[in-house]
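Read-outs: derived from the displayed coordinates by stated rules, not from any lab. All figures in this text were calculated on a predicted structure; none of them were measured in a lab. Cβ placement follows ideal geometry from the backbone for every residue including glycine, while neighbour counts extend to all protein chains displayed.
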Amino acid sequence: MPQASANMPQAPVNRARARGSRTAELVAVSRARHLLRHDRPYVLEDPYAIHFVGNRWRRVLDSLVLDALFAKVLVRRLMPITTQHLTRARFAEDCLEEAARNGVTQYVILGSGFDTFACRRPDLGLTVFEVDLAATVDLKRERLANAGMACPDSLRFVPFDFEKDELGTKLLAAGFDSGKVSFFNWMGVTYYLTRGAILDSLDRLAAVGAPGSEVVFDYLIADACVPPEDRALFASMMAFVEKRGEPMISRFDPAEAGTVLNPRGVWEVVRNESPAEHRRRYLGERTDVPPLAPITWSLHLRRRKP
Ligand SMILES: C[S@@+](CC[C@H](N)C(=O)[O-])C[C@H]1O[C@@H](n2cnc3c(N)ncnc32)[C@H](O)[C@@H]1O
C-alpha cells in the first residue's frame, strides 16, 4: 500500500467507497446506449450492460424524448466522454485477445466497475479477477442478482482499495497464480487515484505478475498539455465527476508518462497511444457516435524479464 507521510496531501474523499461507483454506472449507460442508439458494427458489443444501469438511467434510455433531452441539451458537451468509454474498453480487449493468443490464461480487471467480459467471452477460457472497492463489488453483485444473471465459474471478485490495501496479497488470496503470465486491464481508474497509489500499484503488479505479463491503462492528460479548444470539455467533465463524489486527481504529460510511471524501468513500453490513434482505428469516418473525447492517452506495458 502507498506509504503515507505527514507532509503528503490527503486524497479527496471518493464517495464510491461508501455507496459504489457512479462513474462505473455511467460507463454501463454508455455501453447500453451504444447498442440502443448507434449503428453496427459496434465499437464494443455489450448486451449485458443494460442490467447494471439503475432505474433513473433506465427511464432515460427507454425514452427517446428523455434521451434526446440528455444527449442534446443537458449533457451535450459531455457526450464525447461516452465514446471514450467504448474505445478504451475495445483497446484493452483487443490487447487482451492478442495476449490470450500468446498463451495468457489469467485476466485481472482493476477497478472493474460493471465490466461484463466474463459473461461475454467464456470462449477464451480465461480466469477473470474483478478487483474493485467493496461497495462497487456489492453493487455489482446486487445488480447481477436482480437481473437473474449467474456469475460465471471463471470469475473471482476481489474487494480492494488502491489507496489502502496491498494488491499482491489480495490477488494471491483470491487464487491468482503469480507463476503465470497475466494480463491486467486498468482502464478508467488512474485519474481517481493519488500518484503514490498509481506508482505503488504498478510496482505491485510488476512483483506479482510473471515476466511477460502486460498491463494496459489510460491516464488523463496534464492541464498544460490540453489544447485551448478542449479546455471547456475538460472543465465540464472534472466538475461533473466531482459533483458525483468521484473527483479526478491525477494527470500526466504523455511525453513523459512512459518514464514517470515506470521509474525503475521494470516495464517495457509497448504502446503509448493518443486519442487520435484510437479515433482512427476504432471510429474512422463514422458520425453516428459522438466524436471521441481527446482526454486520455493509453499505456500498454509489458513486464521485462529480470
Ligand atoms: C469509471 S469506473 C471504470 C470502470 C471500468 N474499468 C472502465 O474502464 O470502464 C472507475 C472504477 O474505479 C473504481 N475505483 C475508484 N477508486 C478506487 C480505489 N481507491 N480502489 C479500487 N477501485 C477504485 C470505482 O469503484 C469504479 O468501479
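Using a Cα distance threshold of under 29 Å, what count of lysine pairs results for the chain when pairs must be 8 or more residues apart or interchain?
Step by step, the pairs that qualify in the chain add up to 11.
Under 1.5 on a/c is rounded, so check that first for the stretch 17-67, then, if it is not, pick prolate when a/b is larger than b/c and oblate when it is not; a ≥ b ≥ c are the square roots of the alpha carbon gyration tensor eigenvalues.
In terms of gyration-tensor shape, oblate.
State the extension gain, in nm to one decimal, for the chain segment bounded by Asp153 and Arg271, taking 0.36 nm per residue of separation less the distance between their alpha-carbons. List each step's numbers first, then the result.
Values: separation 118, 0.36 × 118 = 42.48 nm, distance 3.25 nm.
Gain on stretching Asp153 to Arg271: 39.2 nm.
Ordered by packing density, taken as the mean number of other Cβ atoms within 10 Å over each peptide's residues, highest first, how do 258-270, 165-177 rank?
Top to bottom by mean Cβ count within 10 Å: 165-177, 258-270.
Which FRET efficiency value, to the nearest 0.05, do you get for Asp62 and Arg279 by plugging their Cβ-Cβ distance into 1/(1 + (r/R0)^6) with R0 = 30 Å?
0.50
Using only alpha carbon pairs under 8 Å that are at least six residues apart, calculate the relative contact order of the stretch 197-306 and give it in whole percent.
Relative contact order here is 45 percent.
Regarding the chain, what's the average projected area of the Cα-atom convex hull, expressed in nm²?
Quarter of the Cα hull surface area: 15.6 nm².
Relative contact order for the stretch 18-303: what percent, with Cα pairs under 8 Å and sequence separation of 6 or more?
Contact order relative to length: 21 percent.
Using a Gaussian network for the chain with springs between C-alpha atoms less than 10 Å apart, which of these wobbles most: Val65, Val104, Val289?
Maximum fluctuation in the GNM of the chain, among the listed residues, is at Val65.
What distance in nm separates the two pseudo spin-label positions at Thr259 and Glu229, each 7 Å out from Cα along the beta-carbon direction?
Taking the simple label geometry, Thr259 and Glu229 are separated by 3.0 nm.
Please get the size of the charge dipole for the chain, origin at its Cα centre, with Cβ charges of +1 on Lys and Arg and -1 on Asp and Glu, quoted in debye to the nearest 20.
The dipole magnitude comes to about 520 debye.
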